[in-house]
Amino acid sequence: MDECVLKTNNLTKTYRGVKALDNVSITLTTGKIYGLIGQNGAGKTTFMRVVSGLTFPDTGTFELFGHTGDKSLQLERKRIGCMIEYPGLVPNMTAKEFLRYRRLSRGIPDKELEVELLKRIGLAETGKKKIKHFSLGMKQRLGIANALLGNPEFLMLDEPINGLDPIGIVEIRSLIKKLCEELNITILISSHNLPELYQTATDYIIIHQGKIKQEITLEALEGQCKHHIHIGCNEPEKLVSILEMKLHTKSYQVMPDKSVKLYDYLNKKEWVAQVIYENGIIATDLSVRGDTLEDYFVSVIGGGKDV
Ligand SMILES: Nc1ncnc2c1ncn2[C@@H]1O[C@H](COP(=O)(O)OP(=O)(O)OP(=O)(O)O)[C@@H](O)[C@H]1O
């Protein structure tokens, strides 16, 4: 059964009159990768800072692994790994030296850990190279290794993909998937760009001006963005039988508003219109639809950037 990792209840945090978090209530369960998507200033970092204990909410509560209250949260936070804002790397150290330093300062005795982590994140071959000579992608991976030091069950990564080149993006994406699949770590990863995170996360949480605007699974998101012919009509049952009998397709979906999404014949819209008309259906709308991820994101947050 999916265990609850994090449950927030109406978290609110205001900075000088600006609501960085506005009644945020979300639940994260084990084994998933959650994408927290929002524009700059949407509240992503603030959310992670509140959960990790770097700052306090003005109002609202939250549970970590089913526990709440200051003392319990402090204990449960040992089960979290975070990379929030900057990884805090030491430029003159090698990757191994840095991880050893971080391990010792956290009082973790396992000497093998840094070698194991360097292998896991793909930096085992960096040898004597100093961090200051690392690419941004390597630095991000080292930051993730640092967050993994305490063997966390829940990992929060704030914009780990930001500023990376396409290869760096692919590497971080596959690392994140591997961490979830192989170590069963639940991951919350923030990004200001939905397409950038697309297919990495299993679930997407869209935040805008501190408010949660939408929670959507990858599957549902794909359904939203898949191109289709939207057919508006008053008799969906009759339309469906025409699609099956006359157009020989089962690639459609009946929506709650009785409209039908047809995923076939996208290039033959006029012919589809003719066939259904000849079979006694008056379509109130017949148009090709389907958002790009970017359009979809903008439609969820409510239009332009200043909305
Ligand atoms: N320490 C602070 N002092 C004053 N205002 C703050 C502080 N931290 C955040 N804010 C404000 O709170 C809002 C949310 O900021 P936050 O950093 O959480 O957003 P974000 O989604 O992480 O954005 P970004 O992608 O730019 O990091 C913004 O309006 C920001 O200016």
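All of the numbers you see were taken from the coordinates with simple rules; none came from a lab. What you see is a predicted model; the values in this text were computed from it and never measured. Backbone-built Cβ (ideal geometry, glycine too); neighbour counts: all protein chains shown.
When the P(r) is computed for the range 227-289, the part past 17 Å accounts for 23% of the Cα-Cα pairs. Residue pairs exceeding 23 angstrom between C-alpha atoms, taken from LYS128/LYS178; LYS7/LYS71; LYS96/LYS139; LYS7/LYS44: LYS128/LYS178.
By the rule of a C-alpha distance below 18 Å, with chain neighbours fewer than 8 residues away ignored, the lysines paired with LYS261 are LYS226, LYS238, LYS246, LYS250, LYS269. Contact order, relative form, for the range 125-273: 15 percent (alpha carbon pairs under 8 Å, 6 or more residues apart, mean separation divided by residue count).
Note on GLU219 and LYS250: the model spin-label points, each 7 Å out from Cα along the C-beta direction, lie 1.7 nm apart.
By the helix-only formula, in which each DSSP H run with n ≥ 4 contributes -39500 (n - 2.57) and the sum is divided by residues, the chain has a 222 nm mean residue ellipticity of -10000 deg cm²/dmol. Semi-axis lengths, largest first, of the ellipsoid equivalent to the range 4-222 are 28, 20, 16 Å, with √(5λ) applied to each eigenvalue of the Cα gyration tensor. Compared with the direct C-alpha span, the chain from GLU125 to GLN74 gains 14.8 nm at full extension, assuming 0.36 nm per residue.
Packing, as the average of other Cβ atoms within 10 Å across residues, places the peptides 280-288, 120-128 in the order 120-128, 280-288, highest first. Beyond 28 Å in Cα-Cα separation lie the following of the pairs LYS132/LYS211; LYS132/LYS213; LYS213/LYS258: LYS132/LYS211; LYS132/LYS213. Check cross-link reach from LYS19 to the aspartates and glutamates: straight Cα distance under 12 Å, and skip same-chain residues fewer than eight apart. Output for LYS19: ASP58.
The relative contact order of the chain comes to 20 percent, based on Cα pairs under 8 Å that sit 6 or more residues apart. The GNM of the chain, with springs linking C-alpha atoms under 10 angstrom apart, assigns the highest mean-square fluctuation among ASP257, ASP203, ASP22 to ASP257.
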